[in-house]
1. I'd like the orientation of helix 65-78 relative to the chain: the angle between its Cα long axis and the longest Cα principal axis, in ° from 0 to 90, rounded to 10.
2. Show the residues, 5+ positions off or on another chain, whose built amide H is closer than 5 Å to the amide H of residue 234.
3. If you find the alpha carbon centre of the range 62-109 and of the range 242-317, how far apart are they in angstrom?
4. Which percent of Cα-Cα pairs in the range 122-242 sits in each 10 Å bin, short to long?
5. Against the 2.2 N^0.38 Å scaling, with N counting residues, where does the chain land? I'd like the Cα-based Rg ratio to two decimal places.
6. Based on Cα coordinates alone, diagonalise the gyration tensor for the range 251-299, multiply each eigenvalue by 5, take square roots, and list the semi-axes in whole Å, largest first.
7. No other cysteine beta carbon under 4.7 Å away is the test; run it over the chain and list who passes.
8. Quick one: 3J(HN,Hα) in Hz for the range 141-151, Karplus 6.51/-1.76/1.60 with θ = phi - 60°, rounded, Gly and Pro as x.
Amino acid sequence: MPDQIENLAIIGSGPAGHTAAIYAARANLNPFMYEGYVKGGSAGGQLTTTTDVENYPGFPDGINGPELMQLFRKQSDRFGTRMVGEDVQEVDFKNRPFTIRGDSTTVKAHAVIISTGATARRMAVPSEEKLWNNGISACAVCDGALPFFRNKPLVVIGGGDTAVEEATYLTKFGSIVYLVHRRDELRASKIMRERALKNEKIEMVWDSVLEDAVGDEFVTGALLKNLKTNEPRELEAAGIFYAIGHTPNTEVFQGQIELEDTGYIRIKPGTQETNIEGVFAAGDVHDHKYRQAVTAAGTGCAAALEAERWLGEKGLA
């Protein structure tokens, strides 16, 4: 008896993956989801590591990140999405139907939506785990407006465009923003460099790296080291924001799909289509610009609608 071929397989269970599942399930595509997304991944995406989410529409009082993802999952389940809590170990997009191999489950599918997200790079300083989400963050737009950062000194680590953008955004809330960079010149584009240097609420801290975060339950300061003099310096700060980039979770797709030089999945402009017909991407796995839960959900919706249309045109569903 031949193996059952799924209409649609979804890899990843963050806002993009679950939104895609909800739309696909309501379109009677009976989607199959791998909740763990890549080797070493975990279900629910980055929101599972976030405490207060205050900018997702529909929750005027805010919501806890893991709780929000449980609501996403509950809605996917309500409409019949079948889910396995496994990481994907291998894919074959060169033969049709496509093959996805998880830890113990293998499925074949006519169409695939990849929504494996991206992981914020961390500094691995000694107090990082203890103070993550208690003053240490990798997303100023997500967390910068929280009450305990308002009118307090804040620190941004990095030297590229993202670091300047994050620091500029945080000047709306913090009393001063220290932009800490390991060199004596920003890597950011000329216009972004000028923006940082002209902003009276941004103070540059050159030739320095973060050694550790200070604080017991919440961040109270940042311990720095000057790379030229080796002198330590402690800054009073209520928050430390990493702006050193993200790593897209695409390792398992290398050689199977077209990626940008940075590792993000390349999609066709104005669509969620990849270079492989029938394979779509949604969320932070291709979006290195916005990286928000609400934009990820929007692209998950778009990917599901495009997959439904493609399956219908091919007579596969």
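1. Relative to the chain, helix 65-78 is tipped by roughly 10 degrees.
2. Those qualifying (amide H under 5 Å, at least 5 residues apart or on another chain) are 224.
3. 15 Å
4. 15, 50, 31, 3
5. 1.08
6. Equivalent ellipsoid of the range 251-299: 18, 13, 9 Å, largest first.
7. 301
8. Karplus-based 3J(HN,Hα) across the range 141-151 equals 5, 6, 10, x, 8, 4, x, 6, 9, 6, 6 Hz.
Laboratory data are not the source of any read-out in this text; all were calculated from the coordinates shown. Treat the numbers as computed from the prediction; the structure is a model and nothing was measured. Cβ atoms come from the backbone with ideal geometry, glycine included; neighbour counts cover every protein chain shown.
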